[in-house]
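These notes concern the structure reproduced below.
The values are calculated or read from the model by the stated rules, or taken from the named source; none is laboratory data. This structure is a prediction, so every number in the text was calculated from the model and none was measured. Neighbour counts are summed over all protein chains in view; Cβ atoms, including those assigned to glycine, are modelled from backbone coordinates with ideal geometry. In case anyone asks, the SASA skips ligands and DNA or RNA and just uses the protein heavy atoms, side chains included. Shrake-Rupley method; radii C 1.70, N 1.55, O 1.52, S 1.80 Å.
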Amino acid sequence: MELEYHPELRDFTLRRPQLKLLEDVPLPDRVADNWEMVKNFQAKPDDLLIATYPKSGTTWTQGIVDLMNQNGDVKMCKRAPVYERIPFLEFFQEMLPSGIELIVKMASPRVIKTHFPIQLVPKYFWEQDTIVVARNAKDTLVSYFHFHRMNHRLPEPGYWPEFFQTFLHGQVSWGSWYDHVKGWWEEKDKHRILFLFYEDIKENPRREILKVAEFMENVLEEDVIEKIVHLSSFKVMKDNPMANYGTLPMGIMDQNISRFMRKGEVGDWKNHFTVSQNEDFDEHYERQMGHSSLKFRNVL
Ligand code: PPS
């Protein structure tokens, strides 16, 4: 992976974090330790929040929204890496600017990413526009496992069977997938929230991009829609260093271990789950989600 963007980080290796509980949600210690700063940060009325559980299509949605704001202009969307164009609200790490430092320097309308479950999102954001993206739990788990392997901002995952149990019990960064998706789902009709599914964007990107445009009150020319569909496809984004985190050094994300843009598919869990893991998972899932009106496809 070629590194041009942060030459000062060439020989830098990040220490992996410990998890720390914030209101019962496990978070990387740097995130939990800086919570007060996030809590006191002031949003602007035209800020747009993209809220997701990790590995659910955040970067994809960031790409779509930025392309929309730039009217499909690919050069503008390559002006900086995605984590600078659409900063991560709760991001704190040595050697790199925090999410808040980046956000305060941005011109409006600002787009901001968070992985917080809704109860940890500062209240002033609740009245603003939010796009939530959720992905089925099995593929999210697989993607999160591989992301832990290559990303020093997260604790060591251990072996697959170990991580499988850790995820199931919500002992991973940003906590339980179940609580996260149900929390946002239950609030979606009380606030300005557009709730999208990874599997739907995969099935028909154009249809879902038009939903985003409508939500953002954007009227797009046909050629712009076509450009957004094309430029936000997995094939194009995976080779774009401004989208694929290829600008970060190996000491933070080692893409030789696993690529950030790894597979981009629905159903990759079938290549990872054993039959007995699948049975355990389904049983656990039913207990957690059985009574919820939130239904995912491709779970079984
Ligand atoms: S993060 O680190 O939480 O912000 O990760 P996030 O962006 O939410 O999720 C990463 C997974 O999304 C896949 N991805 C895509 N899939 C389809 N199309 C596009 N354009 C796309 N962009 C990112 C990415 O490959 C990760 O999934 P896996 O299953 O690991 O490949």
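Being away from the ligand (no atom under 12 Å from the Cβ), in contact (Cβ under 8 Å) with a residue 60 or more places away in the chain and of a type in the set (Lys, Arg) is a property that does not hold for residue 55.
State all residues of the range 38-54 that are open to solvent by 30 Å² or more (accessible area, probe 1.4 Å) and outside any helix (DSSP H, G or I); if no residue qualifies, say none.
Once the filter is applied, which keeps residues that are open to solvent by 30 Å² or more (accessible area, probe 1.4 Å) and outside any helix (DSSP H, G or I), the range 38-54 yields 40, 42, 44, 45, 46.
Residue 141 satisfies every condition listed in (1) under 20 Å from residue 272 (Cβ atoms); (2) in contact with a Pro (Cβ under 9 Å, 6 or more places away or on another chain) except (2). Within this structure, residue 14 fails the test of being within 20 Å of residue 149 (Cα to Cα), within 16 Å of the ligand (Cβ to nearest atom) and in a strand (DSSP E or B). Can you name the condition, by its number, that residue 278 falls short on among (1) in a helix (DSSP H, G or I); (2) buried (at least 18 other Cβ atoms within 10 Å of the Cβ); (3) of a type in the set (S, T, N, Q)? That leaves (2) as the condition not met. Summed over the range 206-233, residues that are within 14 Å of the ligand (Cβ to nearest atom) and either without any contact (Cβ under 8 Å) to a residue 60 or more places away in the chain or open to solvent by less than 10 Å² (accessible area, probe 1.4 Å) (or both) total 9.
Among residues of the range 12-37 being at pLDDT 95 or above and of a type in the set (Val, Ile, Thr), the one that is surrounded by the fewest Cβ atoms within 10 Å (Cβ to Cβ) is 25. Residue 291 fulfils the conditions (1) over 18 Å from residue 198 (Cβ atoms); (2) away from the ligand (no atom under 11 Å from the Cβ); (3) crowded, with 17+ Cβ neighbours inside 10 Å except for a single criterion, (3). Within the range 157-164, is there a residue that is within 14 Å of the ligand (Cβ to nearest atom), farther than 24 Å from residue 34 by Cβ and open to solvent by less than 20 Å² (accessible area, probe 1.4 Å)? Within the range 157-164 (the criterion being within 14 Å of the ligand (Cβ to nearest atom), farther than 24 Å from residue 34 by Cβ and open to solvent by less than 20 Å² (accessible area, probe 1.4 Å)), the answer is yes, since at least one residue qualifies. Yes or no: the range 80-88 includes at least one residue that is open to solvent by less than 10 Å² (accessible area, probe 1.4 Å), part of a loop (DSSP other than H, G, I, E, B) and within 23 Å of residue 178 (Cβ to Cβ). The answer is no, given that none of the residues of the range 80-88 is open to solvent by less than 10 Å² (accessible area, probe 1.4 Å), part of a loop (DSSP other than H, G, I, E, B) and within 23 Å of residue 178 (Cβ to Cβ).
Within the option set 144, 178, being more than 10 Å from the ligand (Cβ to nearest atom) and hydroxyl-bearing (Ser, Thr, Tyr) holds for one residue only, 178.
The criterion of being over 16 Å from the mean Cα position of the chain (by Cα) and small (Gly, Ala, Ser) holds for residue 170. Comparison of 184, 174 shows that the only residue that is part of a helix (DSSP H, G or I) and either in contact with a strand residue (DSSP E or B) (Cβ under 8 Å, 6 or more places away or on another chain) or modelled with pLDDT of 95 or more (or both) is 184. Do you know which of the residues in the range 61-75 that are part of a helix (DSSP H, G or I) and away from the ligand (no atom under 13 Å from the Cβ) is nearest to residue 212 (Cα to Cα)? Filtering the range 61-75 for residues that are part of a helix (DSSP H, G or I) and away from the ligand (no atom under 13 Å from the Cβ), the one nearest to residue 212 (Cα to Cα) comes out as 68.
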